[in-house]
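Student: Sharing a structure here in structure tokens format.
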Amino acid sequence: MEKHGTMASLSGMFLMYCECTSRATNEKMIILAALTNGDIDNLVVGRNALFYDRDGQDWDATIIKIIDNPISIRQAFWSPYRKVSRFVETQVNKFAASQDDKVTANATKGIEDVHGKLITAPAEAPKAAAPPFDIGKFVGIFAAISLALGAIGTAIASVIAGFLGLTWWKMPLALSGIMLLISGPAMIMAYLKLRKRNLAPILDANGWAINANVIVNIQFGNLLTHLATLPPGAKINLNDPFTKKKRPFWPFALAGIIIIALVFYLLWRAGLIWVKA
């Protein structure tokens, strides 16, 4: 697989190495699947799948390696947002894990210290005095953090003020421009790569002697990967009986209107509100 991946990665395709186990004979093998259409949201190492060979036998497949490349322009449009989301999620998980390890280490160390003091009779040597608190260093760090937060807040406020200062029909154009500014480079790169996808390196990695290019353009790639659809007449039932029941809005709105009308009526009867004829 290592040698195969060196050559197959030159194809510019999204490739998945899968370890397959036959349900009938328990035979194992490794296959390479090229994904040329659809989306890759849930495709990660360890994901399970099914593989049907040319004889119609089914194999239990597990993804063991992925060579990441663009699949479609639509997928490339959302790729920057997904990368940012994964980065934020990873950083949050790292921070939570580090804090959990820190709390566990401190608690364990405290228990070990108490246990050691109860067992050991001789007195410990006096610890060195803690260094004095450097107020100048603390003020400098606090000033730097405050300056950074102030600059970020000013930038965000100026952007929001500029956006709210636009007319109503310019706001969607501004949002579209911002999204294109973020996703535009990824879409352009994906388009250039999709036009150059080549099947020859994959065949060459399998032992073939292919000297010519076997280009897999966008139209050809849409035919190579078949996306499953619902059979005619079938539909998906989206009613989840276990979902949290949402309270309807209209009864609360009607109750609010009735309460407001009652308050106005009482104020009018008390002479606090005058209505001109």
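The values are calculated or read from the model by the stated rules, or taken from the named source; none is laboratory data. All values derive from a computational prediction rather than experimental measurement. Using ideal geometry, Cβ is built from the backbone for each residue, glycine included, and neighbour counts are taken over all protein chains shown. Each accessible area value is taken on the protein alone, full model and side chains, heavy atoms only, with ligands, DNA and RNA left out. Shrake-Rupley method; radii C 1.70, N 1.55, O 1.52, S 1.80 Å.
Student: Given the options Asp55, Asp39, name the one that is in contact with a helix residue (DSSP H, G or I) (Cβ under 6 Å, 6 or more places away or on another chain) and of a type in the set (D, E, K, R). Step through it out loud before you land on a result.
Tutor: Working: Asp55 fails: in contact with a helix residue (DSSP H, G or I) (Cβ under 6 Å, 6 or more places away or on another chain).
After applying the criteria, what remains is Asp39.
Student: What number goes with the only condition from (1) closer than 22 Å to Leu203 by Cβ; (2) surrounded by 12 or more Cβ atoms within 10 Å (Cβ to Cβ); (3) in contact with an Asp or Glu (Cβ under 6 Å, 6 or more places away or on another chain) that Thr21 does not pass?
Tutor: (1)
Student: Regarding region 43-65, can at least one residue be identified that is acidic (Asp, Glu), assigned to a strand (DSSP E or B) and either surrounded by 13 or more Cβ atoms within 10 Å (Cβ to Cβ) or within 30 Å of the chain's Cα centre (by Cα) (or both)? Spell out the reasoning first.
Tutor: Within region 43-65, the first condition is being acidic (Asp, Glu), and the residues that meet it are 53, 55, 58, 60.
Filter again for assigned to a strand (DSSP E or B), leaving 58, 60.
From what's left, either surrounded by 13 or more Cβ atoms within 10 Å (Cβ to Cβ) or within 30 Å of the chain's Cα centre (by Cα) (or both): 58, 60.
Among the residues of region 43-65, at least one is acidic (Asp, Glu), assigned to a strand (DSSP E or B) and either surrounded by 13 or more Cβ atoms within 10 Å (Cβ to Cβ) or within 30 Å of the chain's Cα centre (by Cα) (or both), which makes the answer yes.
Student: Report the residue count in region 85-107 for those that are open to solvent by 80 Å² or more (accessible area, probe 1.4 Å), over 29 Å from Asp41 (Cβ atoms) and among the aliphatic types (A, V, I, L, M).
Tutor: 1
Student: If you take the residues of region 161-174 that are open to solvent by 90 Å² or more (accessible area, probe 1.4 Å) and assigned to a helix (DSSP H, G or I), which of them is nearest to Met13 (Cα to Cα)?
Tutor: We begin by selecting, within region 161-174, every residue open to solvent by 90 Å² or more (accessible area, probe 1.4 Å); these are 164, 168-169, 173.
From the residues that got through so far, the ones that are assigned to a helix (DSSP H, G or I) too are 164, 173.
Numbers: Leu164: 43, Leu173: 34 Å.
Among those that are open to solvent by 90 Å² or more (accessible area, probe 1.4 Å) and assigned to a helix (DSSP H, G or I), it is Leu173.
Student: More than 30 Å from Gly184 (Cα to Cα) and not hydrophobic (A, V, I, L, M, F, W, C), is that true of Asp53?
Tutor: Values: more than 30 Å from Gly184 (Cα to Cα): yes; not hydrophobic (A, V, I, L, M, F, W, C): yes.
It is true that Asp53 is more than 30 Å from Gly184 (Cα to Cα) and not hydrophobic (A, V, I, L, M, F, W, C).
Student: Moving on to the next point. Of all the residues that make up region 24-33, how many are β-branched (Val, Ile, Thr) and either without any contact (Cβ under 8 Å) to a residue 24 or more places away in the chain or crowded, with 16+ Cβ neighbours inside 10 Å (or both)?
Tutor: First pass over region 24-33, keeping only residues β-branched (Val, Ile, Thr): 25, 30-31.
Pick out the ones that are also either without any contact (Cβ under 8 Å) to a residue 24 or more places away in the chain or crowded, with 16+ Cβ neighbours inside 10 Å (or both) and you get 25.
Here the count works out to 1.
Student: Now for a different question. If the Cβ limit is 8 Å and pairs must be 6+ apart or interchain, which residue in region 203-224 that is more than 16 Å from Gly38 (Cβ to Cβ) and in contact (Cβ under 8 Å) with a residue 24 or more places away in the chain pairs with which residue that is open to solvent by 80 Å² or more (accessible area, probe 1.4 Å) and of a type in the set (Val, Ile, Thr)?
Tutor: Ala205/Thr6
Student: Answer yes or no: is there a residue in region 220-237 that is of a type in the set (Lys, Arg) and open to solvent by less than 90 Å² (accessible area, probe 1.4 Å). Outline the logic, then answer.
Tutor: In the first step, residues of region 220-237 are kept if they are of a type in the set (Lys, Arg); the result is 235.
Still in the running and open to solvent by less than 90 Å² (accessible area, probe 1.4 Å): none.
No, region 220-237 contains no residue that is of a type in the set (Lys, Arg) and open to solvent by less than 90 Å² (accessible area, probe 1.4 Å).
Student: If you don't mind, another one. Can you pull out the residues in region 1-38 that are among the small types (Gly, Ala, Ser) and under 29 Å from Tyr191 (Cβ atoms)? Step through it out loud before you land on a result.
Tutor: Going residue by residue through region 1-38, those that are among the small types (Gly, Ala, Ser) are 5, 8-9, 11-12, 22, 24, 33-34, 38.
Across region 1-38, the qualifying residues are Gly5, Ala8, Ser9, Ser11, Gly12, Ala33, Ala34, Gly38.
Student: Quick one: Thr36 ticks every box in (1) under 16 Å from the mean Cα position of the chain (by Cα); (2) of a type in the set (Val, Ile, Thr); (3) open to solvent by less than 40 Å² (accessible area, probe 1.4 Å) except a single one, so which number is it?
Tutor: (1)
Student: Follow-up. Just the residues that are open to solvent by less than 30 Å² (accessible area, probe 1.4 Å) and outside any loop (DSSP other than H, G, I, E, B), please, taken from region 66-79.
Tutor: Within region 66-79, the subset open to solvent by less than 30 Å² (accessible area, probe 1.4 Å) is 67, 69-72, 75-76, 79.
Across region 66-79, the qualifying residues are Ile67, Gln75, Ala76, Ser79.
Student: Separate question: Exactly one condition in (1) of a type in the set (A, V, I, L, M); (2) over 22 Å from Gly184 (Cα atoms); (3) out of contact with any strand residue (DSSP E or B) (no Cβ under 7 Å at 6 or more places or on another chain) is not met by Val88; state its number.
Tutor: (2)
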